[in-house]
Amino acid sequence: MHSQDWRATDYLKFFNIAELGKRRDDAAGEAYDKVAKLLGLGYPGGPILDRLAAATNGVPAPVKFGGNQDARNPYDFSFSGLKTAVLYHVREHPEYSAEIRSREEALVRGERKYEQLLPLCSGRTLALVREFQNAVCATLSSERLVLRKKYLRKAFWYQAAVAANSQLRATLKTGREAKGSKYFSPAGRSPRTMPQ
């Protein structure tokens with residue numbers, strides 16, 4: 001999986017392009033997949049974590065995660081540290097263990113749908129998922145808002161599996177349209193969709 005930012009100076013000709021930023025290690029989608037696996041939520045991770053993050057109903061955050069920008073280039077990003085922070089948090093709190101096992105057992109039985117996994121998630125797990133997603137979306141949206149302010153005037157296109165994430169799409173759309181330009185993204189379904 002790749003995460004890169006490119007600038008095209010002519011929207012009709014893709015001959016004049018330049019890379020502005022890229023991932024340094026795990027891409028956002030890889031981080032979603034690895035965190036979902038860690039929490040016993042199956043693969044792919046993006047769609048299920050997106051839906052679970054929206055189901056928290058104001059549960060207090062068990063942890064807050066920091067930013068993921070790379071110091072070498074402000075337009076580069078890294079999600080390996082965020083994934084590791086989730087891992088360490090789960091290891092330090094054994095109260096997650098029983099529900100992770102129950103979700104892993106559900107996956108073995110073929111129970112992969114959101115409606116089947118949601119009852120197996122405590123409020124603490126839902127809030128952890130929300131905080132993970134908040135950190136990913138904050139990194140991707142803040143970096144892209146800076147890029148758009150500096151380089152993009154008329155339109156902005158974002159395409160990746162993680163671009164189907166509802167929170168990221170809403171953040172990017174609101175930020176871009178507030179600046180008076182158009183924002184384009186996939187229709188809202190990840191290429192690696194969850195089973196129905």
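The values are calculated or read from the model by the stated rules, or taken from the named source; none is laboratory data. Computed from a predicted structure; not experimentally measured. All Cβ positions, even for glycine, are placed from backbone atoms using ideal geometry, and neighbour counts span all protein chains on display.
Below, the figures for the structure above:
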item	result
Unmet requirement for residue 51, which otherwise passes all of (1) over 16 Å from residue 130 (Cα atoms); (2) of a type in the set (Lys, Arg); (3) at pLDDT 90 or above	(1)
Any hit, segment 56-68, residues being within 28 Å of residue 108 (Cβ to Cβ), modelled with pLDDT of 95 or more and over 12 Å from the mean Cα position of the chain (by Cα)	no
Filter result (modelled with pLDDT under 95 and aromatic (Phe, Trp, Tyr)) within segment 69-122	75, 77, 79
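Residue-wise test of (1) outside any loop (DSSP other than H, G, I, E, B); (2) within 23 Å of residue 111 (Cβ to Cβ); (3) modelled with pLDDT under 85.
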residue	(1), (2), (3)
10	no, no, yes
14	no, no, yes
25	no, no, yes
31	yes, no, no
46	yes, yes, no
